[in-house]
Amino acid sequence: MDEFPELQNPALRETLESGAKQLDLALNGAQITDLLIIVAMLSKWNRAYNLTAIRDPRDMVIKHLLDSLAAGPAVSGDRVLDVGTGGGFPGLPLAITKSDQTFVLLDASAKKVRFVQRVIDALGLKNASAIHARVEDYVETPFDVVTCRAFASLADIVAWTQHLVADGGKIVALKGQSLSSDESGALPAGWHAEQRQVVVPLLTGERHLVTVRRH
């Protein structure tokens, strides 16, 4: 990994370590290195494949890594599906910090799935896999948790993923703005949402964690 200068950047490491501490998350040295490798690989691939609009590695640490890790306490259960994973968020950071859970990272973009699989291979993650598919067409044994960083309206997310949520399972969505009554009222019949504001270290603006369950 000598080709990644980000790994030798003490400021990036300090940003990640201090942010994790504010999240009450104890990261070991290997986890910190793995998380920074994600940023390094994303920076490299982004120049050719435009995987994310975020270009600055420090912003990637904050807006991708810490934002993903902030959802960690809500992501329980054995099997987790991350839909619309994009560059691997929140799935990759959560897989690194939750080695006892299995993560499937799903996206409709082939180039993004190729990148995610490359990271999984580079890190040797045994508890993560990348799948290229549209979520509404994906058929698999239902998952304990479905995660996403709101890539669509909450009603659409529930409609597209409800066949993938196990009985007693839940959908965990990270959103910017607070969930409105109109959004909550538009959920498919039999589903209800709860939300709480989360503080992502060093991130400007609001962040909300929305949990959706069957009645």
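Data for the structure
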{"quantity": "Unique residue being open to solvent by less than 20 Å² (accessible area, probe 1.4 Å), of a type in the set (A, V, I, L, M) and under 19 Å from residue 31 (Cβ atoms) when the list is 106, 81, 123, 94", "calculated": "94"}
{"quantity": "Residue, farthest from the chain's Cα centre (by Cα), within region 134-173, restricted to residues that are open to solvent by 50 Å² or more (accessible area, probe 1.4 Å) and polar (S, T, N, Q)", "calculated": "141"}
{"quantity": "Hey, residue 123 in contact with a helix residue (DSSP H, G or I) (Cβ under 6 Å, 6 or more places away or on another chain), of a type in the set (A, V, I, L, M, F, W, C) and at pLDDT below 95 or not", "calculated": "no"}
{"quantity": "Total residues in region 20-57, condition in contact (Cβ under 8 Å) with a residue 60 or more places away in the chain, under 16 Å from residue 115 (Cα atoms) and not in a loop (DSSP other than H, G, I, E, B)", "calculated": "8"}
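The values are calculated or read from the model by the stated rules, or taken from the named source; none is laboratory data. Owing to the predicted nature of the structure, the values given are computational and were not obtained by experimental measurement. Cβ atoms come from the backbone with ideal geometry, glycine included; neighbour counts cover every protein chain shown. The area values use the complete protein model at the heavy-atom level, side chains included, leaving out ligands, DNA and RNA. Shrake-Rupley method; radii C 1.70, N 1.55, O 1.52, S 1.80 Å.
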